[in-house]
Amino acid sequence: MTNQNEMNLIPDDLTQEELLSLNEILLNTREQCQMTAQLIENQLKRKDQLIDRLHQELETYKQDQPARLVEQAMKELIGLRGRLLKRQSSPQWAQLDAEKLREEFTYLDEDILDLLERQNIEPFTTQPGQPFDGGRHRVMNVVSADSPELDRRVKASLAPGYAKGDKVLIPEHVTVYRFQ
């Protein structure tokens, strides 16, 4: 059915045959529009399915990432232990004197620092007199301060802390001054 506005668009001098032809063109155009709309709707559904699949893959990757990082660190640690065991089983190991043994421990410490560095983990220590920071330090000892200026200042570092970027993984163990 045509409404009044559509009637005004149709010229009065059209023949019945011309009207039928025009009607057929309109029906074909409507059918093509419906097919185009269905095609667009199908494409949108495929796009949404693709986005959902990619989102699921990303979530799986994010969940597996910590495990992969731990596995990588453990492989590094296993390699370090392997080098240590190889050194200990060498014929020279039994003949190491105290000086050479200290040297071996220095090399072991360097290997451990290299392993940490490959994981972007850095040790840190605080110089005496610097302010105590509860986010970076763990108080192991408290000593009396002679002046208020030393209150809540680090007297000594007892063990280094470890950080990955701005995140402290292990706080530094410190002795802190307290003024009473």
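What is the list of residues in the stretch 93-121 whose amide nitrogen lies under 19 Å from a point 7 angstrom out from the Cα of residue 86, following Cα to Cβ? Answer for the stretch 93-121: 93-94, 104-116. Charge tally for residue 106 (other residues, Cβ to Cβ under 15 Å; Lys, Arg +1; Asp, Glu -1): -4. Using only the Cα atoms of the stretch 121-179, build the gyration tensor, take square roots of its eigenvalues as a ≥ b ≥ c, and label the shape rounded, prolate or oblate: rounded if a/c is under 1.5, else prolate if a/b is larger than b/c, else oblate. It is prolate, given that a/c is not under 1.5 and a/b is the larger ratio. Using only side-chain charges placed at the Cβ, +1 for Lys and Arg and -1 for Asp and Glu, the dipole size of the chain relative to its Cα centre rounds to 1640 debye. For the stretch 12-96, with every protein chain kept in place, what is the accessible area per residue (1.4 Å probe, Å²)? Result: 91 Å² of accessible area for each residue.
Under 20 Å from a label point set 7 Å out along the Cα-to-Cβ vector of residue 179, the amide N atoms of the stretch 96-129 belong to 127-129. If R0 is taken as 41 Å, the Cβ-Cβ distance between residue 35 and residue 136 corresponds to a FRET efficiency of 0.05.
With the simple model of a label 7 Å out from the Cα in the direction of the Cβ, residue 71 to residue 101 spans 3.9 nm. The charge dipole of the stretch 121-179, taken about its Cα centre with unit charges on the Cβ of Lys, Arg, Asp and Glu (plus for the first two, minus for the last two), comes to roughly 160 debye. Rounded if a/c is under 1.5, else prolate if a/b is larger than b/c, else oblate: which is the chain, with a ≥ b ≥ c the root eigenvalues of its Cα gyration tensor? In terms of gyration-tensor shape, oblate. Rounded to the nearest 0.05, the FRET efficiency derived from the C-beta distance between residue 120 and residue 26 at R0 = 45 Å is 0.10.
The values are calculated or read from the model by the stated rules, or taken from the named source; none is laboratory data. None of these values were measured; they are calculated from a predicted model. Positions of Cβ are backbone-derived with ideal geometry, glycine not excepted, and every protein chain shown enters the neighbour counts. The area values use the complete protein model at the heavy-atom level, side chains included, leaving out ligands, DNA and RNA. Shrake-Rupley method; radii C 1.70, N 1.55, O 1.52, S 1.80 Å.
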